[in-house]
Every structure is written in structure tokens, then in C-alpha cells.
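Scroll down for the structure; my scribbles are underneath it.
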Amino acid sequence: MSRILSILAVLAALYVAICVALLVFQRSLIYFPQPLSISQPDTLLRLPVDDGEVLVSVRPHAGPNALIYFGGNAEDVSRNLAEFSQAFPEHALYLLHYRGFAGSAGSPSEEAIQRDALALFDRVHAAHPQTVVMGRSLGTGVAIRLASQRPASRLLLITPFDSLQTIAARQFPFLPIKWLLKDKFESSTYAARIKVPTLLIAAEQDEIIPRSSTEALYRHFAPGVATLKVIPDKGHNSISESPAYLPLLRSAM
């Protein structure tokens, strides 16, 4: 009996240790900062924030139209600048570098990124009243929450999910994710508040975001607000390689 109790005590201690490790190190499992690839002065905007400044890759363009982009959790958004410049020639472009990413100060967290997103939108919208908000993967969580709080003209979501908490709970069903996870990115909570035209784009062979998660998010939008499209034969990280990718985004503008 004592041996059984000893084994149970060891297992309990191991379980607690795993929970503590997840609580302490979880953001290193969510965010993977990348170095800056394109650093020409005319392509960078320095946005003051509460503890320093974050960088924004930009392509200036006069006129009412702008596009703000939020990338994935391991993305150097500056790499999109040339492609987006060709795809959206009538839009000024603003691609946010999350805190700790590609020259931006600080450390990433959901609330810090969201504050930066609001500050960027307010600055962009003052000059461009028709501001489209776009996010990819983790960035869809940033984009949808922003669009629920600010007057975006359109919302574009690439490989979106309903909740990071839901996805994490599916991957770690034996852990109390609800109580441990700090950055939950609960997009489904904000979807019902969105009133502007919204496009959700899923990858048919997405190995990161289950289709059920994207479809669950889609169902939270009010009827007629959102459209869901699936790009065939592509995965989570290869979706942008599809010849249908940019034309589908352009069609939503």
C-alpha cells in the first residue's frame, strides 16, 4: 500500500510540475519571435507604445484606403511587403511587428499586442478612413478583436480559429488549460460584434488549425456578415503559395 501511495505522490508531483512549467513558460510555446528581414528606413514606421516602440513595415500610399496586417506567431511580416504592394496597389500598407519580433521592443502577450493594434489602427484610420484589417493564424485573433472595437471597413481572416484555449485544451486534454492559459485569443467571443463584411479563408489540409475550429468561429458571426472559403490542397503554412490566395483576398476588398 505504501508503495502505491509513493507512486501516486510522485505522479502528483510530476503533474503539478508540468502545470507550473506551463504556467511559467507558456508564452515561449505560443510566440516565436523572428529577426527583421527588410529594414530600409522608408519601409519602417516606429510606433510609440507604453514601454518603448514597436516597428511597422509600411508601404505609404495617398488616398482613403489602407490595409493593416497581423501575422502568425512565427512570422516576419516584412517579408509580405513586396507581395502585398503588388496585390493591393490602391492601399497603404501597415504590417505590425509584435513586441519582441523583428526589432520591436518588449515581450509579446495578447493584451500588449492588442493595445498596439488599437494604437496603430487609430493612427492609420485618421489618414485612411477606409481601413481593412487582415490577420493570419494567430493574427486573426488580434484582427477580429480589433475589428470589434474599431470601425474597420472589412475584415479578412486567414486560417482563423475560434479560441486558442480550445485548441490548447484539445492538444493537452489532461491539463487544466482553462486555469493555466494567460493568452486565450477567444475570437468567437468577438465574432458576434462584427458588422462589416468578413472573409474567412481556410486551408483544406491545415495541420495546425482544425477545420472544426474555423467552422465554429464562422458560426458565431451574425447571418450574412461572414463568408467562408477553403483553398484546396494547401496546409497551414503553404496556403499563401496557392495561386488562388491573393486573388481571393483581392476579391474581398
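One table, with the values for the structure above:
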read-out	value
Residues satisfying the stated conditions in segment 167-205, i.e. modelled with pLDDT of 90 or more, within 16 Å of the chain's Cα centre (by Cα), open to solvent by 10 Å² or more (accessible area, probe 1.4 Å) and closer than 27 Å to ASP233 by Cβ	LEU199
Failed condition for ASN65, given (1) in contact with a helix residue (DSSP H, G or I) (Cβ under 8 Å, 6 or more places away or on another chain); (2) surrounded by fewer than 22 Cβ atoms within 10 Å (Cβ to Cβ)	(1)
Inter-residue pairs, beta-carbon under 8 Å, first free of Cβ contacts under 8 Å to residues at least 12 places away in the same chain and in a loop (DSSP other than H, G, I, E, B) and in segment 172-185, second open to solvent by less than 100 Å² (accessible area, probe 1.4 Å) and among the basic types (Lys, Arg), 6+ apart	none
Of the criteria (1) at pLDDT below 95; (2) in a loop (DSSP other than H, G, I, E, B); (3) more than 15 Å from the chain's Cα centre (by Cα), which one PRO151 fails	(1)
Given (1) within 20 Å of SER78 (Cβ to Cβ); (2) part of a helix (DSSP H, G or I), index of the condition LEU118 fails	(1)
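Yes or no, residue by residue, for (1) more than 20 Å from ASP122 (Cα to Cα); (2) at pLDDT below 85:
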| site | (1), (2) |
| --- | --- |
| CYS19 | yes, yes |
| LEU22 | yes, yes |
| ILE30 | yes, yes |
| LEU44 | no, no |
| SER57 | no, no |
| GLY71 | no, no |
| GLU83 | yes, no |
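The values are calculated or read from the model by the stated rules, or taken from the named source; none is laboratory data. These figures come from a predicted structure and were not determined experimentally. Counting neighbours? That spans all protein chains shown, and the Cβs are built from the backbone with ideal geometry, glycine included. Heavy atoms of the whole protein, side chains included, go into the accessibility calculation; ligands, DNA and RNA do not. Shrake-Rupley method; radii C 1.70, N 1.55, O 1.52, S 1.80 Å.
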